[in-house]
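Reviewing the structure listed below.
Please treat every number below as a calculation from the coordinates, not as lab data. All values derive from a computational prediction rather than experimental measurement. Here Cβ is always computed from backbone atoms with ideal geometry, including for glycine, and neighbour counts include all displayed protein chains.
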Amino acid sequence: MTTPLKPGQQLVPISKFRPSMRGFDCEVMVLETAVPTTTRDGQTIHTFLVADQSGSIIMNIWGNDGKFIRNGDILRIEGAEAKLFKGFMQLTTARFGKLHRVGEDTMVFADQPNVSEMQWVTEEESRAMNMPGEGQ
């Protein structure tokens with residue numbers, strides 16, 4: 001059984017994530033764990049495929065918090081962010097976000113659609129593609 005929500009807390013499903021969303025709460029289950037990577041400045045990035053009942057997304061956790069996350073963990077993220085990296089959306093915690101393990105292996109999920117596989121276009125790129133007078 002998962003931890004009850006705080007009064008007034010609402011969880012945003014993955015299918016409603018949009019690039020540059022910040023400060024929202026969500027609950028996901030870890031489906032796959034990738035080998036951690038290290039940046040040039042020595043920071044560790046832990047990467048996971050996570051899902052809820054509406055779809056899946058790649059989640060990146062910076063620092064030591066990621067080494068305690070395992071497949072099947074149900075995580076509640078408070079203060080989450082949806083960011084674009086090379087045109088693809090990813091989930092991460094905000095600077096002051098919180099990550100809690102609230103359960104294990106007991107969540108209904110859908111691994112499709114994977115919103116990290118969708119190519120997203122920024123507003124600036126969209127405006128550039130739709131400039132009047134070009135190609136006429």
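Residue 20 to residue 109: FRET efficiency via 1/(1 + (r/R0)^6), r the Cβ-Cβ distance, R0 25 Å, to the nearest 0.05? If you can, show how the numbers build up before the last one.
On the way: r = 25 Å, r/R0 = 0.99.
The computed FRET efficiency comes out at 0.50.
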TODO: Could you compute the FRET efficiency for residue 86 and residue 53, with r as their C-beta to C-beta distance and R0 at 30 Å, rounded to 0.05?
DONE: 0.65
TODO: Go through 90, 8, 33 and say which Cα lies farthest out towards the positive end of the charge dipole of the chain; charges sit on Cβ, +1 for Lys and Arg, -1 for Asp and Glu.
DONE: 8
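Using the eigenvalues of the Cα gyration tensor, what equivalent ellipsoid semi-axes result for the chain when each is taken as the square root of five times the eigenvalue, whole Å, largest first? Intermediate values should be presented prior to the final figure.
Details: eigenvalues 164, 66, 40 Å².
Over the Cα atoms of the chain, the semi-axes work out to 29, 18, 14 Å.
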Open item on the list: Cut-off under 26 Å on the C-alpha distance; same-chain residues fewer than 8 positions from residue 86 excluded. Which lysines are left, in chain and number order?
Closed with: 16, 67, 98
Task: the chain: calculated mean residue ellipticity at 222 nm from DSSP helix runs of at least 4, using -39500 (n - 2.57) - done: -1500 deg cm²/dmol
